Amino acid sequence: MKFTFTDSAIAEIQKRYDLKDISLFYAVGEDCGCPSTGIFMLKVNDAGMAEYDAVIETNIGPVPAQKWALVFLDSDNVVDFNERLRAFQLKSERGFLNMNLLLEQTVAQ
């Protein structure tokens, strides 16, 4: 599996956070709890969380992820930043996997 961040996504992330602090999280909908109803999001500063049991090799370095959720990705995945919409987007050869990929900082409890 290939997972790449575009130059525009990298630049936008770097305005806010350190690239080494990024994780890929699959959030499951609360109403159903079905894995197929979830969405991917980028999280910051939560790499030590127990949910992360896999690492994706990317062009920004290793990115922690949930192994069970990798099945929802495709063979060629790209995180881009749409300047007009001011939104990160996760794309693959199938099209958009998430047109509004959230970048959320984890708050220490």
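The values are calculated or read from the model by the stated rules, or taken from the named source; none is laboratory data. Only a predicted model underlies this, so the values are computations on that prediction, with no experimental measurement involved. Here the Cβ positions follow ideal geometry from the backbone for every residue, glycine too, while neighbour counts run over all protein chains shown. The area values use the complete protein model at the heavy-atom level, side chains included, leaving out ligands, DNA and RNA. Shrake-Rupley method; radii C 1.70, N 1.55, O 1.52, S 1.80 Å.
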* **Candidate residues Lys20, Lys43: accessible-area rank, largest first, probe 1.4 Å** => Lys20, Lys43
* Applying the Karplus parametrisation 6.51 cos²θ - 1.76 cosθ + 1.60 with θ = phi - 60° to the phi angles of the stretch 92-100, what ³J(HN,Hα) value in whole Hz is obtained for each residue in order, glycine and proline being reported as x? -> 8, 5, 7, x, 6, 9, 7, 7, 9
* How large is the dipole of the chain about the Cα centre if only Lys and Arg carry +1 and Asp and Glu carry -1, each at its Cβ, rounded to the nearest 20 debye? -> 180 debye
* Please count, across the chain, the pairs of lysine residues with Cα atoms under 21 Å apart that sit 8 or more places apart or on different chains. => 10
* To do: Can you sort Val71, Val55, Val63, Val28 by 1.4 Å-probe accessible area, starting with the largest?
  => Val71, Val55, Val28, Val63
* Can you list which of the trypsin sites (Lys or Arg not before Pro) found in the stretch 69-107 are DSSP loop residues with at most 14 other C-beta atoms within 10 Å? => Arg84, Arg86, Arg94
